[in-house]
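The values are calculated or read from the model by the stated rules, or taken from the named source; none is laboratory data. This structure is a prediction, so every number in the text was calculated from the model and none was measured. Positions of Cβ are generated from backbone atoms using ideal geometry, with glycine treated the same way; all protein chains shown enter the neighbour counts. Side chains included, ligands, DNA and RNA excluded: accessible areas come from the protein's heavy atoms. Shrake-Rupley method; radii C 1.70, N 1.55, O 1.52, S 1.80 Å.
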Number of protein chains: 2
Amino acid sequence: MTPEEFRKLGYRVVDWIADYRSKVSKLPVMARVAPGEVKGRLPSDPPEHPETFDQIFRDLDEIILPGLTHWQHPRFFGYFPANAMLASVLGDYLSTGLGVLGLSWQSSPTLTELEEVVTDWMRRMMGLSDRWSGVIQDTASTSTLVALLCAREKVSNYGLARGGLQEEKRPLVVYFTAQSHSSVEKAALLAGFGRNNLRVVAHDGRFAMSAPALRDALERDIAAGALPAAIVATTGTTTTTALDPIAEIAEIAGEHGVWLHVDAAMAGSAMILPECRWMWNGVEGADSLVVNAHKWLGAAFDCSLYYVRDAQHLVRVMSTSPSYLQSAADGQVKNLRDWGLPLGRRFRALKLWLLIREQGVAGLQARIRRDLENAKWFAEQVEATADWSVLAPVPLQTVCVRHEPPGLTGDALDRHTLDWVERVNRSGEVYLTPAVLDGRWMVRVSIGTADTGREDVAALWALMRQEAEGR
Amino acid sequence: MTPEEFRKLGYRVVDWIADYRSKVSKLPVMARVAPGEVKGRLPSDPPEHPETFDQIFRDLDEIILPGLTHWQHPRFFGYFPANAMLASVLGDYLSTGLGVLGLSWQSSPTLTELEEVVTDWMRRMMGLSDRWSGVIQDTASTSTLVALLCAREKVSNYGLARGGLQEEKRPLVVYFTAQSHSSVEKAALLAGFGRNNLRVVAHDGRFAMSAPALRDALERDIAAGALPAAIVATTGTTTTTALDPIAEIAEIAGEHGVWLHVDAAMAGSAMILPECRWMWNGVEGADSLVVNAHKWLGAAFDCSLYYVRDAQHLVRVMSTSPSYLQSAADGQVKNLRDWGLPLGRRFRALKLWLLIREQGVAGLQARIRRDLENAKWFAEQVEATADWSVLAPVPLQTVCVRHEPPGLTGDALDRHTLDWVERVNRSGEVYLTPAVLDGRWMVRVSIGTADTGREDVAALWALMRQEAEGR
């Protein structure tokens with residue numbers, strides 16, 4: 001394909017996406033395909049000879065599109081908002097089109113330096129001190145794995161340079177709660193700590209980590225000869241957006257010299273609002289921190305911002321310097337390969353840079369405030385309605401609700417919940433994802449796609465009532 | 001930004017990239033900026049209010065572009081070819097514009113099923129048996145880390161479910177060579193094995209792992225009470241594209257029940273040529289395998305193909321199933337979050353799908369053959385020229401050369417090498433990356449960007465002679 005052919009086909013792709021974004025609100029939110037259906041419509045062998053773009057666009061319309069669940073739909077209330085705002089999309093288009101890689105500073109200086117600048121913009125926007133340095137990872141799963149690896153190496157005094165985790169005499173222990181994201185447990189297991197050395201600390205009635213329970217667990221472990229390695233606290237848990245008491249946890253971590261990682265993957269976006277920063281009060285006492293700009297904020301996936309207090313330690317754990325990657329500039333620059341797992345790196349800063357510039361900080365703040373207001377309004381409607389409950393505090397944009405008709409309890413209530421959610425989702429009008437809270441199914445209403453207005457939330461509420469109450 | 005504004009600005013971005021690709025061959029290949037120069041030209045604070053795209057495009061031209069090293073330049077001979085071919089770029093544009101995520105099959109069925117189909121196309125194209133299952137990771141660094149974690153959990157019989165690596169009584173050992181990619185050592189250290197338990201196996205005069213040395217090392221470790229956990233063999237090492245003897249290594253691995261991971265990140269692209277498959281003869285005896293479609297093949301970064309023989313084992317090591325990600329389809333589908341580290345997943349299959357369809361298998365094969373021919377031709381020129389040497393076999397597209405004027409040895413020779421490469425790179429005409437081989441600096445000429453023709457290789461050779469010979 002020549003650049004001129006690319007120009008024409010590129011317009012056609014842009015048209016296709018512009019049309020898609022224009023009509024997405026009319027499409028059924030949840031994909032309506034059966035397992036294997038898409039696969040069954042695609043040839044099992046690759047084409048020997050070139051195919052036309054007419055054929056490719058036909059397949060996009062007929063095979064690809066019907067099998068998508070539409071995350072950019074204004075009535076997508078599932079999982080979390082993963083806004084790929086259009087300015088950010090354009091930033092990513094620039095990145096992919098340029099096709100440059102960051103293996104080292106030298107391999108594309110702008111790639112590294114813009115990433116430094118933009119992660120620092122975000123640091124300022126969230127009110128963090130200049131003691132934090134940032135880098136872009138792919139996901140919070142990876143950021144948290146990096147954090148736990150760094151914690152492991154700190155407490156073991158760089159055991160990786162000797163016998164690794166295999167030579168540890170005292171068990172190294174990791175602390176989190178049952179409300180922590182699944183990636184925390186996964187990261188701890190992959191980092192080699194072992195399930196026996198994970199402590200699920202009790203949470204309180206607001207689903208936040210109990211600081212006294214954390215202290216007890218730590219002290220019990222220390223008394224038993226174990227070595228606390230890391231605490232993962234969450235600002236805005238996945239299920240209910242609960243707020244672990246960071247200040248108290250940081251104090252405990254500080255007393256015992258334990259690594260504190262704060263998972264603000266979802267809620268971090270709200271920290272661009274000064275009125276929300278009480279939610280992670282104490283965060284300056286943490287060692288590492290993850291905020292996914294590819295969630296609520298609006299950067300196209302993947303754009304997970306990982307901040308550390310001690311960049312030197314991160315580099316010491318992650319660094320490699322084979323001869324084929326060395327350059328004369330190495331002493332004066334950041335080589336971001338030493339800031340995470342992968343060596344290769346896309347020019348991801350562009351998508352965040354364009355987003356912030358096109359929206360302005362004020363624009364981003366206004367949208368986050370709109371969503372907070374919508375969540376508050378929605379929670380009020382639920383609370384004011386008979387047989388409906390809001391099950392957890394609503395500090396952010398997720399509202400956990402259940403319809404509890406008189407007489408329905410236990411498994412019968414679970415069945416009722418899953419049934420009406422299934423009907424709501426099958427309608428194609430909205431999309432919700434249920435989850436388990438205190439052992440019972442309930443519904444997480446996650447508000448905040450870029451185009452979700454009050455009328456969308458109102459329509460959701462009407463449909464929920466209709467399907468749950470059978471009116 | 002509305003979809004209609006996106007349409008207009010999208011055209012402008014496409015134009016900018018089409019223009020960039022048209023003119024890239026005229027730009028200096030290596031960036032000509034000093035450390036900190038780009039950063040110094042960008043504001044340290046984010047804009048409070050929206051900025052215009054006119055301003056953004058001006059900054060792209062004036063600040064971003066001059067600080068790039070141009071990987072898509074036809075005279076880029078550094079590192080490795082990272083072809084972001086234009087059809088693949090369009091596939092990525094579709095992915096970013098759609099903004100859908102694969103957290104589970106349910107969260108966008110097409111995303112998962114197209115990934116299954118396209119990784120299976122690639123499996124067929126490379127002549128692998130249907131015992132292999134594929135998934136897309138970001139980079140080979142990550143793929144290799146996943147492989148070593150799987151090896152660790154196999155040999156420890158899922159120690160992660162108990163005391164983790166901390167409870168291992170016998171040291172678990174990992175084997176590779178000094179020619180293995182730096183990511184292998186990094187992955188082994190991060191997986192917790194510890195440097196004392198890494199064995200750098202001797203390589204032969206062709207820079208390939210010595211199978212007898214591997215056998216010796218294994219047997220010595222076993223006799224000493226250690227437990228061999230994994231062997232990483234490479235098809236096409238980074239420095240010289242050396243070919244470890246996979247068949248012999250697989251036999252040894254099989255005898256001792258040791259996990260064998262094959263790193264074919266670079267060379268895997270050549271396996272679409274039947275005449276190249278002798279290079280990884282025995283690969284069917286491996287347990288895992290990585291091929292980076294984002295290198296020579298032409299898929300836009302990131303698109304690292306990771307294949308495993310035992311998908312169930314991979315899933316058992318990586319799986320998580322929190323309630324908020326469960327769906328009724330779970331028993332019948334693949335949930336790719338359980339096939340690697342991150343939970344979230346871009347629709348990466350699109351860029352590989354479009355590449356293969358636009359080129360056809362025959363088109364991809366023809367280009368790889370062209371590059372092999374160019375490398376052969378280049379090596380012949382070097383060998384036929386006085387004072388120049390080809391330092392390693394050239395099975396693929398990388399030629400390791402040195403200019404060795406009479407009387408120059410040792411550090412003086414190193415200085416000469418680094419000096420003339422520096423002059424070549426500063427010319428802006430071509431880009432080369434030096435590396436150390438057998439303790440001395442030499443030059444890797446890595447041939448194979450999408451637009452590199454014979455005339456580009458000839459121009460490189462003329463310039464190398466000019467700068468090295470001082471003619």
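General observations
- Label distances, nm, A:Pro405 versus same residue in remaining copies, Cβ-directed 7 Å point: 9.2
- Label-point separation, B:Val436 to B:Phe57 (7 Å along Cα→Cβ), nm: 4.8
- For the peptides A:440-452, B:231-243, the ranking by packing is B:231-243, A:440-452, with the highest mean count of neighbouring Cβ atoms within 10 Å listed first.
- Each peptide among B:207-216, A:99-108 gets the average number of other Cβ atoms lying within 10 Å of its residues, and from highest to lowest they stand as A:99-108, B:207-216.
- Inter-chain Cβ neighbour average for residues B:68-79, partner chain, 10 Å: 4
- Three-way shape label, chain B, alpha-carbon gyration tensor, a/c 1.5: oblate
- Mean separation of Cα contacts under 8 Å (6+ apart) over length of chain B, as relative contact order %: 22
- Each Lys and Arg Cβ is given +1 and each Asp and Glu Cβ -1; about its Cα centre, the protein assembly as shown then shows a dipole of about 100 debye.
- Förster radius 22 Å - calculated FRET efficiency between A:Lys26 and A:Gln466, Cβ distance, rounded to 0.05: 0.65
- Listed residue (A:Val201, A:Val184, A:Ala213) projecting farthest to the positive dipole end of the stretch A:176-224, Cβ model: A:Val184
- Rounded FRET efficiency, nearest 0.05, which uses the C-beta distance separating B:Asp130 from B:Arg195 and R0 of 60 Å: 0.95
- Extreme residue, positive dipole direction of the protein assembly as shown, given options B:Leu165, A:Pro46, B:Pro28 (C-beta unit charges): B:Leu165
- Per-residue mean of C-beta atoms belonging to partner chains within 10 Å, peptide B:179-186: 4
- Portion, in percent, of the accessible area of the protein assembly as shown that falls on carbon or sulfur, probe 1.4 Å: 48
- Geometric extent, Cα atoms of the stretch A:186-319 - Rg, Dmax (angstrom): 15.2, 47
- 7 Å along Cα→Cβ, label-point gaps from B:Glu383 to other copies, nm, shortest first: 8.1
- Tail fraction, Cα-Cα pairs, the stretch A:406-467, threshold 14 Å, whole percent: 59
- Magnitude of the charge dipole, the stretch B:26-75, Cβ model with Lys/Arg +1 and Asp/Glu -1, debye to 20: 480
- Where only DSSP H runs of four or more residues are counted, chain A gives -13000 deg cm²/dmol as its mean residue ellipticity at 222 nm, each run worth -39500 (n - 2.57).
- Percent of Cα pairs exceeding the 13 Å cut-off, where the set is the stretch A:123-197: 71
- For A:Ile222, label point 7 Å along C-beta direction: distances to other copies, nm: 4.6
- Positive-end residue, the protein assembly as shown charge dipole about Cα centroid, Cβ charges, pick of B:Gln55, A:Ala230, A:Gln55: A:Ala230
- Alpha-carbon centroids, the stretch B:119-195 and the stretch A:205-253: separation in whole Å: 32
- When A and B come together, around 13200 square angstrom of accessible surface is lost from both chains combined, probe 1.4 Å.
- For chain B, a crude dipole built from +1 on the beta carbon of Lys and Arg and -1 on the beta carbon of Asp and Glu, taken about the Cα centre, is about 260 debye to the nearest 20.
- In straight-distance terms, cross-link reach from A:Lys334 covers every one of the lysines whose alpha-carbon lies under 21 Å from its own, apart from those fewer than eight places away in the same chain; here that gives A:Lys351, B:Lys39, B:Lys186.
- Averaged over the residues of A:345-355, the number of partner chain Cβ atoms lying within 10 Å of the residue Cβ comes to 3.
- Peptides B:174-180, B:251-257 ordered by average Cβ neighbours within 10 Å, highest first: B:174-180, B:251-257
- In this rough spin-label picture, where each label sits 7 Å from Cα along the Cβ direction, the B:Asp419-B:Glu37 distance is 2.4 nm.
- A 1.4 Å probe run over the stretch A:353-394, with the rest of the protein chains in place, finds 35 Å² accessible per residue.
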